[in-house]
Structures are given as structure tokens and as C-alpha cells.
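Working notes for the structure below.
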Amino acid sequence: MTDTLTPVAAPPALSATRGAISRTLASRPALMTYILLVLLILASTMVPRFAQPRTATFLLLDVVATLLMAMPMTLVMITGDIDLSVASVAGLSSAVMGVLFTGGMPFGGVVLICLLVGLACGLFNGLFTAYVGLPALAVTIGTLALFRGLALVVIGDNAVSNFPPAASAYATGSFGATGIPLVMLPVGLIIVAFAVVLHMTPFGRTLFAMGHSMEAARFVGVNTKRARLLTLMSSGLVSALAGVFWTLRYSSARSDNATGLELVVIAAVVLGGVSVFGGKGSIWGSVCGVLIIGVINYALRLNRIPEVVLVTITGLLLIISVVAPSVVASWSAWRHRRRRAREIDSTITTAGALSA
Amino acid sequence: MTDTQTALPRADIAASARTRRRWNPRSLLSKRESPVVLALLLLVLFTYLANPRFLAPQGLKDLMLNATIMMIMAAGQALIISTRSVDLSVGSALGLTAFLTGTLFATYPSIPIIVVFLAGIAMGAGLGAINGLLVTTARVPAMVITLGTLYVFRGVNSWWAGSTQYFAGDRPDAFGNLSVSLLVGIPIITIIAIIVIAVVTLFQRYSRSGRDLYAIGSDPDAAIVYGIPVGRRVFTAFVTNGALVGLAGVLYASRFNSVGAVTGTGLELQVVAAAVVGGVAIVGGVGTAAGAAIGALLLTTITGALTSVGVDKFWQQAVVGGLILASILIDRLATLRRARNLRKATS
Amino acid sequence: MENPGEQPLISLRNAVKTFGPVVALADGSIDLHAGEIHALAGENGAGKSTLVKVLAGLHHRDSGDFEIEGQPVSFATVADSRAAGISVIYQEPTLFPDLTVAENIFIGRQPRGRFGMIDHRLMRDHASAIFEELGVPIDPDRLAEGLSIADQQIIEIAKAISLEARVLVMDEPTAALSGHEVDRLFAVARSLRDKGAALMFISHRMEEIFSLCDRVTVMRDGRYVTTRMIPDTTPSQIVRDMVGRDIDQLFPKFDAQVGAPVLEVEGLNRAGVFRNISFCVRAGEIVALSGLVGAGRSEVARAVMGIDPIDSGTVTLLGKRLKPGQPMAAIRGGMGFVPEDRRKQGLVMELSVLRNTALTLRDGLARFGIINARKEAEVAAEWGRKLQVKSSSPYNSVATLSGGNQQKVVLAKWLATKPKLLIVDEPTRGIDVGTKAEVHRLLSQLAVDGVAILMISSELPEVLGMADRVLVMCEGAITAEFPRAEATPERIIEAATDHAKAAAS
């Protein structure tokens, strides 16, 4: 591995800015954006009734819970962990909300306690994962059952639905003619906050490093345990918020709210470029992943195409998104080998080094 | 770096080897399974003391019937997890094979039962082969691939079934009787399950390719260096697991009244949980199909046990969650203690 | 050059192996004869390990001729090379921790009894028989987890014996062994040779090559250099072959002003790892921590940095006591750490050169908690330039760089923090000779600039060439301290294997 033998490419002639732009345009998040745009154009031209404001309302309202959970999930998975308990935390938060509100607590207090419950759930996951040293996959499979079970304990098989009309209206309303739901404002702020934390802060930099190599991160002084705890706590907090939204959106606090959503969230962020091995991913990619699934979902439903096709397409997209890169990689490796073989054939003369 | 373990006089080793040779508890089950077996025995004992009806013939029969399908699936999952993979598509695959069973009986009322079994197993193996092929050729984590096929299989199932449902009446009595009739006090489908699980466990313990699976899970990179055909073994594990899920699907159709588009939804994480409770480490390398099956038995028994001692039914799922956490925690503590002992031994 | 009438058992000529743009092996050639122990010598990065992996069937050569007993062969997998009778023992054997010792030996070839089922008892007996033959008492029933490296190597040898291997390749097997473990290994190796096997032995220690081997082949920069008969050559001649230049140029040592103590370590203990570690490093001074691999040197360094926990003792940096177990505090206090395992600890291989360089500075680059991306790129580029890191783009992952350039990135990211104390653990492992000299010059220059340097190294020439003071560790204790003038290879080796003194301290 000698430098003299390594062909060192000349420094890039492109100016720094132009280099940055071309890199951005070819990145994974950019690719996801193109796919999303193409889908939107296709849906608007081919699906009747797609290009109208109410599409924005219903499409976005449908994906808000997934979108919210996808934000901390992106962070958690980039550090190399996973949180399967997000939907159960949402269910628990919904159950707590129903019971407390029925008990006569003011609405603001109820929401605050729901968020605290979510934070506690995240703390529990984080302590077991980062500090006890158990694999996040195993821990959160356990808490998936535990938190859903606690939701049942809290509310049983009751359903609570008489929440303040103002809150329900806010959860389902939209900005006048634009069709954009009112809740997109806080949701957008949360997305921006997560994007800033992940892509623009020292903490975010360390998350990527941890995902590739916990060991290397520790050697530059990263408190890896605390970082893992914090990401899992953010997951609990935001999932609880998603549970509150879900309850208001469907006007029903039930223990089985958002059941099974964890796999949808994971599918969306993986589609958006997050690696299950950790170290890769972006907030914008995850947002696109959620929206792509949302658009396909909504467009097909408008076209009266059964749920069936949608589920299949989600699965196929997921498989293609992970298989495609390795197909490309093995193709270029094959090309490299062939080129190398040709070079060697033409240049190397068989001078026997061992010949006496 | 003194090596205490090698400083033993040879006579000691010979002696310890001799005693172990006389009675070898590791021959089939390793020590990893003892906590779950103990937990199961204690659970049954205490529940029986609190409510003797728990072990009445009918209660016992329900207990076994409820556990059978999960036990087979957990045993298959143990094969996968021991190689450091996971198969999340098992719930959807079960749904497909269960629906195939219903369709076959509805379309060809006189079809021999054995043919239906073979068809279900073959279909399951085919679905497993799709997973295995994607995992081994694309070298993508099994978790993502099988999450994808979870949706694809479910989609295919919904498209195929539409709103069609097949009920017990559509199937021959002899088939339904498999989960009613008893042989030496045990339902026939449970006997089938026990035989299959025993065969898989023997395969894990006594066949070279079975041992290779543990080597792969123990250290995948080393397995390549050692020349173990990692891809072929992992593929085989997925096909075998698929076949077991196929069998479980056929038995599901025998046990339960209706099969349709949503049969088996959400089973995947329960199956993984059962394997983990049964001593199959999620990071691979250890655990047996028998252990996973006992884990499944424990998880399904606890629900019945809680009911019969009068625990509020809403608590049941929380208890299951706590049990999963407790079992991985116990495993972790045992590992830590072993590591500490090794460190002490070398100091 | 050699007996022409005798056909070599294995003959590899002009083998080439590349990884992307990196040429790992430019011209690998070696002949192995039955009944000989053949040393393969060369600096780190000379291509020895790549050549071994080609023999093992792990890497597929791009070109070159490979013959066994005159027949051309091509190995697609490890199983092929094993079937041809080649067994390889790597520096750090990779056993399966969850399987028993006996199963590790026989994996994939377990003896079978009735119904084709594995006969675990027979397998155990076979393993016991081999251990008896080797004269080592290892319980075949224990799990491989937690075995010492010496025992793991014996298990690898047992496996080779059970395979009836004709060729046994050992890649730096002695690096982590103590004196009597080396003796045990050599006794086994000689008996295998006397039974007609061909052995290839890679080691950095000349005395081992000269006491064990019959012939030596030297490699440099991925190329074959020469093959010599051991009785007809001398260690210094081989070193000249390996380095290809005078040794003085490799260890540029500048005169530095030794100042006040920067690091003071007092009574550091960690049960089972090290005990009673006390030393001090002054500004402008290079202190070497020498000893065998596994003596606890890296563990001490990691504990000083706060990465590993300690049971008792104090670490004082520039008069301020550091809280144990807090690497961030150590970094803020002015400590830098170039760890021994560049790929796992020193760098995040998949991240870009830029991100790796800036990782240590992340807090300093942020204003109001937000990182200034432009400044980040500038700082990274500046330090890359200062250390002459050669990469086609700072946005490429460091995995695409050569070993030497990777090490420069590690150094760059720590120098960017302007450290007062730099701990370097095996700073030149696995890098080419040219970069090696550059790294040494850099360390010397840092000392001149007043940085205190604690250097861990297993290469005696590096220790002797660079250090102002040498501390020697054995089995977790410091057994000797020599000023530069008094440090000799003999004294250091004696102290590194002074088990009596280590046990007493």
C-alpha cells in the first residue's frame, strides 16, 4: 500500500461551491426528492381529483404520526440502534390522555403528562440499551409489548372521545384555501429542529461517527452512552406527541391506537436512505421516504385501487431501495476487475523475480 | 496473561471429562434453556396451586393447542436468529399458506390431507427461498429484506383473498379433527409440532451444517475465513424456516375457524420475542429450536395462567412485555458475570 | 540460489493484488519446500499479509503464477486452499467464541457416527489426542470465549494438524506471546517441520527468525526483494533488505528542550489488567512504553485517556487532576490519542476525510451550538495540507486512502486540537517506509515544539531510535525504566519478560 504506487488524482478543479452543488444534487436525499416530485407530477396528471387542496389536507394528516416518529427514528437508527416501541408509546400516551381527561384534568396538563410518560418510556429504553448494554432490537421488542400492555392496563377496552372541540379542530383543520393542515406548522418546526440537530451540531456529527464505529467515537471523547440515551428519549417524547395527535385526529383515545405503525415508520426511513447498520441517513431523506409512501397511498386510494397493491408496493420499494445499491456496487466492482485485468495483461511482462 | 485454564494438571481434565461423560446435560439442551424451563415449571405449579382447574384435561388441551403454532414458528426463527439474521415476514407467510390450505380444500374437496400439508410446506419453503435469496445475494441485512417481504407477502395475500374467507365448514372433518383428537392425551397437531421441533433441534446439535449455523452467528467474518459456505447455509436456514412456517400455516387452518386476507398479521414480533425468551440470543451464536419452542409455550401459557388465577386480563400483555425484558436481562447478567470471572482468572 | 533439483511444494510468482486504486501486492513471490521453516520478512505494509491471504484463498490474485508441486492452481475460496493442504494461522486467531474448543478444531469436518449424526464424544477424544501430542493441557469441552491468544494459536495449530496440512503459514504468531509461550510454539513448529511439513513464519523479531528458520524471503513495498539462507546471512543484512536505506534516516531525532512535567500518573490500578503504574512525561520529551503485546501498555494508555475505567490511582495533566472515565475532560485538558487500531479506533472508516479530521474539533467549530460548515472544511483542509494527506477529495471516505495516509488523518485530527500531550499507540503499524519516516520526523518536531509524547511501540528500533526514556511493562506492571543512553535491545527484552519482578510489584 505504497503511495508511490497509488495513482493520486489531481486536486479537483471544480470550485468549492460548484463541487458542493454537484455533490448535493447527486446525494441520496436529492434522489428521494426527485422520486417524490416525479410521483407528485404523475399523480397530478394521471389521477383525477389528486391536484386539489383537499389532497394536501388528507394526505398530510394521514402521514403526520409517521412523519413525527420518523424524525427521532432517523437519529436512533443512524447511531446504530432501533426503536420498535414507538407505536406502543403512542398507544400508551393516547390511553393516558383518555383516562386523565375523563378524570377531569385540564387539557394542557393532560398533554404535558402524556409527553412526560413518553419521555419516561424513552428513558427506560435508553437505560436498558445504553447503560445495561442490551441490544436495542431486543429491548424495544420487549417494551413494544410492555408499553402496549400498560396502555391496556390504563384504559382497558374503553374509548374516550369527548376532547375539547378547539383541540380537535386544530388537529384536523387547515390553513384556509391552501389545504395545508394547521398541525404542519408545529410538525414542520419539529422537522427543522431535528434536521438542525442531526446535520448542523457537534452532537449530530457524533451520531454519524457512532453509527459507523462506537469505538472510534469513544476515542474522540464522545459520551456514547449519553448520546444513545438522548436519542431514545427523544423517540419516546415525539412518539407520545404523535399519540396525542392521533387521538385528536381520530377523536378517540384507545389502547390500540397506532398499532403496527413501528414497521411503517422503519420502512419509510429505510426507504429514505437510513441504514439499519447505522451511520447513514438524513432528515430530508426520511421526510421524503414518509411522503413517498403517503403519496402512493393516497393516489392509489383515490383511484380506488385496493390497499393490497399499496402494501405490496411499499414492500417492493423497500426491497429495491436496499438491493439496488449493492447491485450497482457489485457491477462497478466487476468492471474494476475487468479493467484491472486488461491493464495487467498489457503492461506486465513476466520478469521472473525469483529466477537466479 | 497467565493461562490458569491451561495450568490444570492433566489428571483433573481427564477426571472432569469422565464425570461429564457419564451424564451430559448439554447433550440436547444447553444451560441457556434452564431459566425458561424453570420459569415455565414454576408458572404451571403456582397457577395449579391457585386454581387446580388449570391443569384439568380441557385446560391442558387448550394450553397445548394455543401454543402449537407459535412453537413451530419460534423453532424456525431460532434457526435464523442463531445465524445473526431475523425473519420478520413469518406472519405474512403464515397467512399465505393458511389461505392456500383453505383454498385447496374449497376447490378440491376430495384432496388428500397429506397433499395439502406438502403443498403448504412447499409454499412456505418457496417464500423462505425468496427471503434467503435476497439476503444472501444482495448482502443486505435480513431485517430490511424481510420487512419488505412482510408487506409484499401480505399484499399478495390480500390480492389473492380479497374479501374471501374460508371457514372450518369448508374443510374436511378429518383435517379439523387434527386439532381436536388426542393421542395419549395430546392433540395431534401438537404431536406433529413436537416431532418437528425435536428434529430441528437434533439437526442443530448433530449435523455439520447445523453447527455451521452457530459458527456463522458467532462470528460471521471468521466463518468466511474458515471457508464455511455462509451464503448457502443462511439460504438453507431461511428455506427451512419457511417450510416450518408453511407447516404452521396448514396447522393454523386446522386449528382456527377462519382464514382470510389478514390471517397471521402481527405475529412476527411475538415469534422473535418467544425465541429470545427461550434463550436464543438476538446477536446469534447460541440457543436452540427446543428452547425457542419452550419460550413460545411460556409466553402463551402465561396468558392462560393469569386468566385462571384471576388476574385482570388487561394486565396480561404488560406481563408478557416484562417477561421478555426479564429474560434478556438475565442473559446479560450471566454474560457479565462470566466475563468478570474470566478477567479474575487471568489476573 | 537454491537447490534446483528439488521441486518446491508451493511456488507463487509475480502475484499482483489491488484494491481499487491501492496496490497491496505488486510482485509477490515465494517458494516453500517440504521440511523447511521459511521466514517472510518485511516492514509493516510491505505486503506480507496480502501475500498470506492470497495463499489462503481469501484474496484472489489479479495476476501471477501459483503452483503446488508443479501443478498450476487457483483458489476461489478458503476451502480450496485447505483442500490443497494449506493452513493459515493469523496474528489474532478468530475462533468462534460460542463453540467449544473441540468444535472449533473440527468445524465443518466433525466426525460422524450413526445416522450421519455428529459424534461429539469422538470429536472430543480426537481433540484431546492432538493436545496430548502437542503436550498442552487445554480442555476440549470449554468454550473458546476468553481463551488467551497463545491458547487460541495452539487451537489453530491443532486444527492444522487434524487437517494433515502440508503447509502451515503463521502470520506474526509470536506478537502477543510471552517467552515460554514462544518456546512452546517453536517446539511445536520444529516437530511439524521434522515430520515433513513446510512452514512459513512471519515475524518482526530478528532473533526469532534466526533461531527458528532455515531460509528467509524479504519483501518491500509490495515487492519481492530477495531470498537468503539463514546460515549465510546476518540480521543487519536482512534489515537493510527490508528498509532499502540506512536506518538513521528512519528515525530523525531532533534535540528538544525537556521542560516541566505535563503528564503525571500515580498508582494506577485496574484489577486483572495493570497495577501500580506510576510515571511522568515532560514537555518536549518522548517517553516510550515498551513490552510485549498484551503486557497492558495500550490498556494503561486508554485508562490515562479516560476511555477505560480504573480501580484506583490518579492522572494529572498540567497540574490538574483528571476525572477518571471522562475522555472529553482529557481532550479539553490538552490530551490527544492516536490509538493502535486505526481502522476500528482511530478513524470512522466510512466517513469522509473532512469529517474525520474535524471530529475532534466539533465543539470548537460550533457557534451557538451550530457548526460552521465552511470553517469545518477549511480547518480540515489546512491540517490535511500540513500533514500532506494525499486524497483525491476531502469528501471521499478515509477507507479509500492508503494505510500511511489514513494514519496521517489520525495524526491531523489530533494535532488540530493543539495537544500538550500526545499518546501514540503503535504509530507506524501497517504503513509504508516513506510515511513511517515522515511520522517519526513529525513526532520529533512536535517534541521540539514542546509537546510531551508518550509512545507505545512493539518495534524495538522505533523505541531505541525515537525515545528519550523507555519504560518497560511486563504482565501489567512496569518492570524497568531506562534513559536513552542506557536503553539496549537486550535490556528491554529482559525487562519485558521479567515475570518474577512483574509478579513482585
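For region C:95-131, filtered to residues that are part of a loop (DSSP other than H, G, I, E, B) and among the acidic types (Asp, Glu), the residue that is farthest from the other protein chains (Cβ to nearest Cβ) is C:119.
Within region B:35-61, being within 21 Å of the chain's Cα centre (by Cα) and more than 30 Å from residue B:86 (Cβ to Cβ) holds for B:60, B:61. Residue B:235 passes every criterion in (1) within 14 Å of chain A (Cβ to nearest Cβ); (2) over 13 Å from the mean Cα position of the chain (by Cα) apart from (1). Taken as a whole, the condition of being in contact with a Gly (Cβ under 7 Å, 6 or more places away or on another chain) and free of Cβ contacts under 8 Å to residues at least 24 places away in the same chain does not apply to residue A:206. Applying the criterion of at least 2 residues that are modelled with pLDDT of 90 or more and aromatic (Phe, Trp, Tyr) to the helices (runs of 4 or more DSSP H) found wholly in region B:179-228 leaves B:188-206. Flag set for residue A:237, criterion: touching a residue at least 60 places away in the same chain (Cβ under 8 Å), assigned to a helix (DSSP H, G or I) and not aromatic (Phe, Trp, Tyr). The number of residues in region C:132-187 being within 13 Å of chain B (Cβ to nearest Cβ), small (Gly, Ala, Ser) and over 17 Å from residue C:87 (Cβ atoms) comes to 9. Looking across region C:76-93, the residues that are within 10 Å of another protein chain (Cβ to nearest Cβ) and surrounded by 17 or more Cβ atoms within 10 Å (Cβ to Cβ) come down to C:78, C:81, C:82, C:88, C:90, C:93. Taken over region B:236-282, the criterion of being part of a helix (DSSP H, G or I), out of contact with any Leu (no Cβ under 7 Å at 6 or more places or on another chain) and over 30 Å from residue B:34 (Cβ atoms) is satisfied by B:239, B:246, B:250, B:253. Being in a helix (DSSP H, G or I) and more than 20 Å from the chain's Cα centre (by Cα) is the filter; apply it to region C:133-156 and report the residue that is surrounded by the most Cβ atoms within 10 Å (Cβ to Cβ). Checked region C:133-156; the qualifying residue surrounded by the most Cβ atoms within 10 Å (Cβ to Cβ) is C:155. Checking the condition touching a Gly at 6+ places or on another chain (Cβ under 9 Å), crowded, with 18+ Cβ neighbours inside 10 Å, closer than 30 Å to residue C:394 by Cα and β-branched (Val, Ile, Thr), which residue from A:66, A:57, A:74 passes? Exactly one residue qualifies, and that residue is A:74. The set of residues in region C:346-368 being over 27 Å from the mean Cα position of the chain (by Cα), facing chain A (nearest Cβ under 8 Å) and among the basic types (Lys, Arg) consists of C:362 alone. Those helices (runs of 4 or more DSSP H) of region A:95-205 in which at least 3 residues are within 11 Å of another protein chain (Cβ to nearest Cβ) and either over 20 Å from the mean Cα position of the chain (by Cα) or more than 28 Å from residue A:79 (Cα to Cα) (or both), considering only elements entirely within it, cover A:136-155.
Yes or no, residue by residue, for (1) under 30 Å from residue C:305 (Cα atoms); (2) at pLDDT 90 or above:
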| site | (1), (2) |
| --- | --- |
| C:196 | no, no |
| C:216 | no, yes |
| C:221 | no, no |
| C:235 | no, no |
| C:239 | no, no |
| C:248 | no, no |
| C:253 | yes, no |
| C:265 | yes, yes |
| C:273 | yes, no |
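Can residue A:259 be described as surrounded by fewer than 22 Cβ atoms within 10 Å (Cβ to Cβ), out of contact with any Lys or Arg (no Cβ under 6 Å at 6 or more places or on another chain) and among the β-branched types (Val, Ile, Thr)? Considered against the rule, which asks whether it is surrounded by fewer than 22 Cβ atoms within 10 Å (Cβ to Cβ), out of contact with any Lys or Arg (no Cβ under 6 Å at 6 or more places or on another chain) and among the β-branched types (Val, Ile, Thr), residue A:259 comes out as yes. Pairs are defined by a Cβ separation below 6 Å, a sequence spacing of at least 6 or placement on different chains, a first member in region A:50-76 that is farther than 18 Å from residue A:271 by Cα and without any contact (Cβ under 8 Å) to a residue 60 or more places away in the chain, and a second member that is small (Gly, Ala, Ser) and in a helix (DSSP H, G or I); the pairs so defined are A:51/A:44. Here region B:146-170 is the region considered, the condition is being under 14 Å from residue A:267 (Cβ atoms) and among the polar types (S, T, N, Q), and the residue that is farthest from the other protein chains (Cβ to nearest Cβ) is B:146. Candidates in region B:117-164 are the residues that are in contact with a Gly (Cβ under 6 Å, 6 or more places away or on another chain) and farther than 13 Å from residue A:311 by Cβ; of these, the one that is modelled with the lowest pLDDT is B:136. Look at (1) surrounded by fewer than 23 Cβ atoms within 10 Å (Cβ to Cβ); (2) outside the structural domain of residue C:315 (by TED's automatic domain parsing); (3) touching a helix residue (DSSP H, G or I) at 6+ places or on another chain (Cβ under 8 Å) and you find that residue C:461 fails only one, number (2).
Scanning region B:120-150 for residues that are more than 21 Å from the chain's Cα centre (by Cα) and either farther than 27 Å from residue A:331 by Cβ or charged (D, E, K, R) (or both) returns a single hit, B:139.
Exactly one residue out of C:59, C:38 is under 22 Å from the mean Cα position of the chain (by Cα), more than 26 Å from residue C:458 (Cα to Cα) and of a type outside the set (Val, Ile, Thr): that is C:59.
Within region B:303-332, the set of residues being surrounded by fewer than 21 Cβ atoms within 10 Å (Cβ to Cβ) and more than 8 Å from every other protein chain (Cβ to nearest Cβ) comprises B:303, B:304, B:306, B:307, B:308, B:309, B:310, B:311, B:313, B:326, B:330. Among the criteria (1) crowded, with 22+ Cβ neighbours inside 10 Å; (2) assigned to a helix (DSSP H, G or I), the one residue C:427 does not fulfil is (2). As a summary of the residue check, residue C:53 satisfies the conditions (1) of a type outside the set (Val, Ile, Thr); (2) closer than 26 Å to residue C:239 by Cβ; (3) in contact with a Gly (Cβ under 8 Å, 6 or more places away or on another chain); (4) within 14 Å of chain B (Cβ to nearest Cβ) except for the one numbered (3). Scanning region C:16-50 for residues that are touching a strand residue (DSSP E or B) at 6+ places or on another chain (Cβ under 8 Å), of a type in the set (A, V, I, L, M, F, W, C), at pLDDT below 90 and over 18 Å from residue C:212 (Cβ atoms) yields C:23, C:24, C:25, C:26, C:46.
The values are calculated or read from the model by the stated rules, or taken from the named source; none is laboratory data. Quick caveat: nothing in here was measured; it's all calculated off a predicted structure. Cβ atoms come from the backbone with ideal geometry, glycine included; neighbour counts cover every protein chain shown.
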